[in-house]
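One structure is given below, encoded as structure tokens.
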């Protein structure tokens, strides 16, 4: 339990922890550690040494902020908060209070003569520091903040030292006597002015659960080994362990004898003795709130059964009565819940900016968190923050609105069991944030024991209701004739939300204890009960239930057996604070902005691409008289260094049927792929009809191509393939000449079959038909006759000739000489990526009257021919002799040879194309 | 050739008729090439598309049969999704989506995107489309849009089918989440469909990766398998909690964030992060795909 208590009491110190990593918050990170001697206090001469750390900002002089730690903590537990303030530009001074950490002295519970005097001494020190902005001689500009124990110190300091310029106390008390001995039953109804006003009636019920946790945290029992470091992530020194190594007093620990005696008295009697009351009064800010002029930011937790919202309400009311600016802020957490989030850190920083550093003024808005109680996802509580214009009832700017809900339920009799056991469990004091929510779950099971609890329900709500503050109800308590009962009834009142199926949720997980003096004559005592202050959304369809119970585990309740008759007078008065919801949203801003950026980038990329394409389209100039195809210096080197095409240059003119001849691997297909825009040339240009050819060039629409085999969707029929292909070109269906193309393919009824079932030849014909769709101005066919039967090859030649005859151009590639010879009128011969011959087929086959003679004696024949008039360029090629006859008839040459005794086996035109080609193929064969 | 009767005007006989005398080719408009409708028809008529849709539509029926055949086991102390699945139609749909989101739907998306270009390459039809010419960026865009439409449709067919099957089998009761919150059937159905939409957006990174692989390889199986493999590896890495914050950069880190939709108060945090993460991955991978396809030598 002690370890848990440590977590709890150091937790408030963490409330201002910045979400940023410590390094980021540290800023320059210059700190000065120093032990400061301060007077020990009245009645002692021995000074007390305080262990302090000064955090300096980048720029000095700067206003200072005292950062006080929570009960059970030390200066180490506020390290992050102090660093965050230093990073914000303040000089932050943290110290371990006397009796804690490495400071000496005893815990006097924020006594004016001890801890408060210590803080004043620290202000004196700040007055002498050049790093701190000074308002005047011995008057530093200084603020104070802290959680819980440190928060009360801030209030007490501000109330006793006018030099303090702003304070931000967090989850702290106004009246320690009321916090530990609360009594929510007022015989005279307190005014309905502020939302969470508590009754604060005298002679309360001992909050023994919390008091015990509180006391044990300062007792000095060494923490169990291994627990302290893990339990105090902020680096708190094991609490209460005397730094001198002297064994701690086992019963009083590091408390002063006075505090120790007061606790012992309270814990054993369960009642508030006058001496204890005086001691607690001394430690209560309410004694000094009337003198506080430093602007005050009050932060209180909504899950706090130790210092409830009524404590902050009282502070706010009393300080605001001086005309001092007060801002109230409630967050979803507290001593029973989690530490405050970054919003609170930010709010405290903003408050000090405004009141110490001349920053933007802060408006008096009243933000309060509304938790739905549901968890979305694994670890996110679903909640929102409602911001009201101000805290109602403080300055008169806005007044409190309330709603009255009828309560039904007749007089009910409840019993106090002897010894006060079993007792209802509604909260788990000291368990802290980790298990705090367990309390509300337990309360559903053990929150109301049979016979011990009376219930008064409102009607079913027809609209949602947001309870903001402390509801109140008028209660009558009477004796039951014939039943035993002590003079006073100790009862516990609470508000619950009950769903139609009976699920009960205790609002605020808190109960309000009451001690009511009940007349002995049987007449009822009438009291006004202020129920625990909450911020609780109540859904439409549910009802609110006021329960009155006789026991509660967390309090020292009645132990005498008793029976009480309890009834309500009138309805339940529910405070409401109208405000606007600021964050209903769980969308993290970073990723949300990121999404917008990503979408924006995508849109920008799209737009840029569109513009570039538009500009590209605009420069294309139509030149109808240009040659269908001009290739200049074309080269392609593939990755890996293989040069498939080297410096290819040729030209195709309108109406030509041009053959691109070459053995396999000559680079023909690479040229055709570049012509189709499928691969990019390494060098050189291709222009078709005067326009550059590249990937996706518009001029490609005037070129129909069939390269390296057919490409069809196998699951579609031949007809559908052609239809969809044409549709993909985006041109009107009327331009396609689909029927003619299908006739060219000559597939008959098979055209309706899936292409996957076609033979190679059928696909080939379909692909050629596809190339002819739309009657392109230039038709490019790569090995069109592969896989065709001889009659089909013959027909193909006819088709191509007719096609070109209409003024169009055909480019056919082939590795077969005969093919080119019979189909084409022009030919380009390629080998090893280069053009080796280029010209009309006739020129190349029989140009210039060259002749070839096959003879038995080539040498003699060459001599004979060379002697003939006009004949020149005689060359011997094995058994053949070539010669330019230059007008001499071939027959005359034969006669001359025969006359000279040379036998002529054959004589004919010299077939240079074949020669060239055979030579190439021959080399290829040798190469292999 | 026996099935090809001789024709009057064909390559069979060598008579070509009026072909050569036709009018010149019309104008080309790049913005009209490969209309979405055409690409959609091309894809819809593929067997793999039909099978995929059939499978996602039939999956709920298969699940229902499995539940019906399963013997009643001993009552388990904790509620789980399988127990809840038979509670109502909406719960059944949630289960169906849960069961399929981490693998089946990944495969579906990877299939539609990974197959789209690579299969054209493997059929050699890609080069004819490009030479038509369809500009490369446009081809990729049209194919991505159609694949996205098909993926989204498949992702919605599954919960819709599950809602119908589940409602018939288990009634239209409230959607009850494992945390005990309940939503009305209509609300719950809406959330399930919203969840499916989130899954669709979340899988955009798979889509972009599959597209990148699709333009990088001629093997459709390689593209689809590669994308699915990447998803599995990411899911495995996500299991290694020791990676801590590094896991936030995994594209599958927030893949199940849509379950946040099953609460009355929706936490949009993880879903926002998931959408951001996925879209960022998708943008980078998609841009790579466009860049690569635009510069690639088409040798298929």
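The values are calculated or read from the model by the stated rules, or taken from the named source; none is laboratory data. Predicted model only: the values in this text are computed from it and were never measured. Using ideal geometry, Cβ is built from the backbone for each residue, glycine included, and neighbour counts are taken over all protein chains shown.
Observations
Listed here are the residues, each with its yes/no results for (1) in the same structural domain as residue A:654 (by TED's automatic domain parsing); (2) touching a residue at least 60 places away in the same chain (Cβ under 8 Å); (3) within 19 Å of residue A:667 (Cβ to Cβ).
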residue	(1), (2), (3)
A:756	yes, no, no
A:774	yes, yes, no
A:781	yes, yes, yes
A:788	yes, no, no
A:800	yes, yes, no
A:828	yes, yes, yes
A:851	no, no, no
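- When residues in region B:154-209 are screened for being over 26 Å from residue B:116 (Cα atoms) and not in a helix (DSSP H, G or I), 14 of them pass.
- The selection criterion, being assigned to a loop (DSSP other than H, G, I, E, B), on the phi < 0 side of the Ramachandran plot, surrounded by fewer than 24 Cβ atoms within 10 Å (Cβ to Cβ) and modelled with pLDDT of 85 or more, holds for residue A:462.
- Options A:667, A:704, A:655; residue that is away from chain B (no Cβ under 12 Å) and touching a strand residue (DSSP E or B) at 6+ places or on another chain (Cβ under 7 Å): A:667
- In the set (1) surrounded by fewer than 18 Cβ atoms within 10 Å (Cβ to Cβ); (2) in contact with a helix residue (DSSP H, G or I) (Cβ under 8 Å, 6 or more places away or on another chain); (3) in contact (Cβ under 8 Å) with a residue 24 or more places away in the chain; (4) within 19 Å of residue A:900 (Cβ to Cβ), residue A:822 fails one condition alone, (4).
- Selection count where residues are at pLDDT 90 or above and closer than 30 Å to residue A:206 by Cβ, scope region A:536-548: 5
- Residue check, residue A:766 part of a strand (DSSP E or B), more than 9 Å from every other protein chain (Cβ to nearest Cβ) and either closer than 24 Å to residue A:652 by Cβ or in contact (Cβ under 8 Å) with a residue 40 or more places away in the chain (or both): no
- Screening residue A:726 on (1) in a helix (DSSP H, G or I); (2) more than 8 Å from every other protein chain (Cβ to nearest Cβ); (3) touching a strand residue (DSSP E or B) at 6+ places or on another chain (Cβ under 8 Å) shows it passes everything except condition (3).
- Residue B:240 falls short on exactly one of the conditions (1) away from every other protein chain (no Cβ under 12 Å); (2) at pLDDT 90 or above, and that condition is (2).
- When B:237, B:246, B:212, B:221 are checked against the criterion of being part of a helix (DSSP H, G or I), under 18 Å from residue B:114 (Cα atoms) and without any contact (Cβ under 8 Å) to a residue 40 or more places away in the chain, B:221 stands alone in meeting it.
- When residue A:760 is tested against the conditions (1) in contact with a helix residue (DSSP H, G or I) (Cβ under 9 Å, 6 or more places away or on another chain); (2) surrounded by fewer than 24 Cβ atoms within 10 Å (Cβ to Cβ); (3) more than 9 Å from chain B (Cβ to nearest Cβ), the lone failure is (1).
- The set of residues in region A:741-756 that are part of a helix (DSSP H, G or I), in contact with a helix residue (DSSP H, G or I) (Cβ under 9 Å, 6 or more places away or on another chain) and within 18 Å of residue A:724 (Cβ to Cβ) comprises A:741, A:742, A:745, A:750, A:751, A:752, A:755.
- Tally, over region A:635-671, of residues that are in contact with a helix residue (DSSP H, G or I) (Cβ under 7 Å, 6 or more places away or on another chain) and in a loop (DSSP other than H, G, I, E, B): 4
Condition check ((1) in contact with a helix residue (DSSP H, G or I) (Cβ under 7 Å, 6 or more places away or on another chain); (2) farther than 22 Å from residue B:57 by Cα) across all residues:
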position	(1), (2)
B:140	yes, yes
B:171	yes, no
B:182	no, yes
B:188	yes, no
B:197	no, no
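- Test result for residue B:124, within 14 Å of another protein chain (Cβ to nearest Cβ), at pLDDT 90 or above and over 23 Å from the mean Cα position of the chain (by Cα): yes
- Taken over region A:690-701, residues that are in contact with a helix residue (DSSP H, G or I) (Cβ under 7 Å, 6 or more places away or on another chain) and more than 10 Å from chain B (Cβ to nearest Cβ) amount to 1.
- The residue list A:284, A:216, A:228 contains one member that is at pLDDT 90 or above and within 21 Å of residue A:100 (Cβ to Cβ), which is A:284.
- Residues that are facing chain B (nearest Cβ under 7 Å) and surrounded by fewer than 23 Cβ atoms within 10 Å (Cβ to Cβ) occur at least once in region A:680-689.
- Some residue of region B:253-262 being in contact with a helix residue (DSSP H, G or I) (Cβ under 6 Å, 6 or more places away or on another chain) and farther than 25 Å from residue B:95 by Cβ: no
- Look at (1) under 16 Å from residue B:130 (Cα atoms); (2) at the interface with chain B (Cβ under 8 Å from one of its Cβ atoms); (3) at pLDDT below 90 and you find that residue A:732 fails only one, number (1).
- Residue within region B:206-223 that is surrounded by fewer than 21 Cβ atoms within 10 Å (Cβ to Cβ) and within 14 Å of chain A (Cβ to nearest Cβ) present: yes
- Of the strands (runs of 3 or more DSSP E) entirely within region A:785-878, those holding at least 2 residues that are farther than 25 Å from residue A:655 by Cβ and at pLDDT 85 or above occupy A:850-855.
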